[in-house]
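Report on one structure; see the data block that follows.
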Amino acid sequence: MANTLGTELSTALSNTTALIIATRSKVERDRLLEQQSELAGRLQLFVDEVVAKALPEYSAATAALNEANAQAVAAKKDLDRVAETIKKFATALDKIAALAAKVAAV
Amino acid sequence: MSIGYDRPILRRIPLWLLTLAVVACSGCALSATQKAAVSQFSTSASVLGDRTTEELTAMREDTIKMTTERLLLAGPSTNPSLGDQATLDRGFELTTVETVTGATRALAAYGKSLTALVEDTQSAKLQEASNEFVASLGRVPSVKDKVSDDQLQAIGTVVQEVGGLWIEWKRKRAVRTIVNNSSSAVDHLCDLLIRDFGSGGWVALQLQVVEDPLMGVATSALAEGKTYEARQTALDAFRLAHSSRMRRTEVLKRVTDAADAMKKANEALVQAVATSQFSFADIEAFATKARSLAIAVRTIGTE
């Protein structure tokens with residue numbers, strides 16, 4: 001029903017604008033301009049109501065997508081950590097080599 | 001100190017370890033086709049998210065310009081619901097644009113992070129790490145004495161191969177989990193974009209609320225304009241309204257077409273990461289719609 005109202009107001013506004021463009025009469029144009037202003041104002045109020053309901057839905061969608069995004073970023077870091085783990089093994093081996101050298105020197 | 005392996009065993013390590021790892025991990029990695037599907041989907045998601053964000057920002061700028069122009073041509077409106085000198089951005093207020101672009105930015109970021117996840121940026125790091133590992137192993141005195149350079153090299157290859165298989169297994173698990181977990185969120189955002197950016201949605205209606213009154217006063221100014229300058233001012237206003245109308249008719253349609261295609265592609269992507277039996281057609285169709293949006297945005301932006 002709400003969508004029907006929006007569509008009806010939109011159609012009426014388009015038709016009025018088309019008449020404003022078509023008319024040669026200043027009197028008629030001024031009258032149509034007032035009608036147009038009235039219709040645009042009503043359509044603005046309609047849109048305000050729709051937007052007020054829609055915005056929380058976008059906030060919820062943002063939160064859900066940010067969660068997925070954070071998961072993907074964390075998973076990428078996890079993949080990058082494999083090489084780091086191997087490097088840690090290398091560091092451990094260096095420590096073993098250093099320890100072995102000390103033992104051999106004693 | 002001894003590592004406990006004699007040379008014959010050590011020589012066999014790469015072969016049996018590699019064979020074992022390959023057999024154990026067979027099917028543990030995403031196939032090239034699966035990676036291509038994820039990559040194409042995520043690139044298209046970034047395009048849809050980024051271009052929609054840019055367009056919403058442009059719509060806000062257009063609104064401010066059109067309201068300013070209407071006020072210049074006709075003075076304040078008699079209708080208090082319409083934008084005036086204190087509310088030039090009426091309808092595309094910062095909060096509204098920030099909230100909606102928050103979602104479209106998140107969509108673009110999701111696409112980019114998914115792309116980064118399937119791209120192989122680990123091979124070079126893995127090579128470097130295995131080289132370091134082999135060099136360190138070679139410095140252990142008992143290994144240095146018993147293992148040849150060739151054998152050390154072979155160990156390095158094994159480390160790299162096993163590390164690679166490990167990464168691919170983790171990659172597949174991560175992509176599958178993320179795509180499955182985010183599927184409903186992506187679908188929901190697509191539904192919002194289809195509803196709000198489609199014909200009769202609030203974005204198109206809001207643009208019309210600003211555009212049509214400007215067309216009205218510009219028509220009046222053109223009809224009554226006695227000088228070249230007066231008519232030029234009126235025509236500048238028409239040009240602004242025309243540019244906004246192009247966004248309303250061409251860009252919004254492409255956003256909804258792309259969002260509609262994304263919904264189908266999202267379903268195909270869930271299948272793609274779960275099984276090798278999936279249709280690439282929906283993912284390609286989404287890519288085509290996203291490209292069409294990008295072209296329209298570029299064309300209107302340069303007009």
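For this structure, a couple of remarks:
- Verdict on B:H242 being surrounded by fewer than 24 Cβ atoms within 10 Å (Cβ to Cβ) and either within 10 Å of another protein chain (Cβ to nearest Cβ) or of a type in the set (V, I, T) (or both): no
- Residue ID - surrounded by the fewest Cβ atoms within 10 Å (Cβ to Cβ), chosen from residues in segment A:40-61 that are facing chain B (nearest Cβ under 7 Å) and not hydrophobic (A, V, I, L, M, F, W, C): A:S59
- From the list B:Q232, B:Q153, B:Q206, the lone residue that is in contact with a Phe, Trp or Tyr (Cβ under 8 Å, 6 or more places away or on another chain) and either farther than 30 Å from A:E8 by Cα or among the polar types (S, T, N, Q) (or both) is B:Q206.
- Residues satisfying the stated conditions in segment B:76-89, i.e. touching a residue at least 60 places away in the same chain (Cβ under 8 Å) and at the interface with chain A (Cβ under 7 Å from one of its Cβ atoms): B:S77, B:L82
- Filter result for B:V273 (at pLDDT below 95 and in contact with a helix residue (DSSP H, G or I) (Cβ under 6 Å, 6 or more places away or on another chain)): yes
- For segment B:106-145, the tally of residues that are touching a Gly at 6+ places or on another chain (Cβ under 7 Å), buried (at least 19 other Cβ atoms within 10 Å of the Cβ) and more than 7 Å from every other protein chain (Cβ to nearest Cβ) stands at 3.
- The residue list B:T67, B:T63, B:T53 contains one member that is of a type in the set (S, T, N, Q), under 30 Å from B:K35 (Cβ atoms) and more than 9 Å from every other protein chain (Cβ to nearest Cβ), which is B:T53.
- For segment B:146-158, a residue qualifies if it is away from every other protein chain (no Cβ under 11 Å) and in a helix (DSSP H, G or I), and the qualifying residues are B:K146, B:D149, B:D150, B:Q151, B:L152, B:Q153, B:A154, B:I155, B:T157, B:V158.
- Among the residues listed as B:A258, B:A230, B:A223, the single one being part of a helix (DSSP H, G or I) and within 26 Å of B:L107 (Cβ to Cβ): B:A258
- Verdict on B:V100 being assigned to a helix (DSSP H, G or I) and within 13 Å of chain A (Cβ to nearest Cβ): yes
- Complete set of residues in segment B:164-202 that are among the hydroxyl-bearing types (S, T, Y) and more than 17 Å from A:N69 (Cβ to Cβ): B:S199
- For segment B:266-288, the condition holds for at least one residue, the condition being that it is farther than 17 Å from B:G198 by Cβ, among the acidic types (D, E) and surrounded by 19 or more Cβ atoms within 10 Å (Cβ to Cβ).
This table checks each residue for (1) more than 9 Å from every other protein chain (Cβ to nearest Cβ); (2) surrounded by fewer than 24 Cβ atoms within 10 Å (Cβ to Cβ); (3) modelled with pLDDT under 95.
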residue	(1), (2), (3)
B:T177	no, yes, yes
B:D187	yes, yes, no
B:G216	no, no, no
B:Y228	yes, yes, no
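- Top-ranked residue of segment A:70-90 - restricted to ones that are β-branched (V, I, T) and at the interface with chain B (Cβ under 7 Å from one of its Cβ atoms), ranked as nearest to the chain's Cα centre (by Cα): A:V73
- Candidate set from segment B:189-201 (those that are in a helix (DSSP H, G or I) and surrounded by fewer than 23 Cβ atoms within 10 Å (Cβ to Cβ)); member that is farthest from the chain's Cα centre (by Cα): B:R195
- Evaluated against (1) within 7 Å of another protein chain (Cβ to nearest Cβ); (2) more than 22 Å from the chain's Cα centre (by Cα); (3) surrounded by fewer than 18 Cβ atoms within 10 Å (Cβ to Cβ); (4) not basic (K, R), B:L205 falls short on exactly one condition, (3).
- Within segment B:113-127, tally of residues that are more than 15 Å from B:A174 (Cα to Cα), touching a residue at least 12 places away in the same chain (Cβ under 8 Å) and aliphatic (A, V, I, L, M): 1
- For segment A:65-102, a tally of residues being of a type in the set (G, A, S), more than 21 Å from B:G138 (Cα to Cα) and surrounded by fewer than 20 Cβ atoms within 10 Å (Cβ to Cβ) returns 2.
- Residues satisfying the stated conditions in segment B:32-75, i.e. under 30 Å from B:A223 (Cα atoms) and either without any contact (Cβ under 8 Å) to a residue 12 or more places away in the chain or among the acidic types (D, E) (or both): B:E61, B:D62, B:E69, B:G75
The values are calculated or read from the model by the stated rules, or taken from the named source; none is laboratory data. Values in this document were obtained by computation on a predicted structure and should not be read as measured data. Counting neighbours? That spans all protein chains shown, and the Cβs are built from the backbone with ideal geometry, glycine included.
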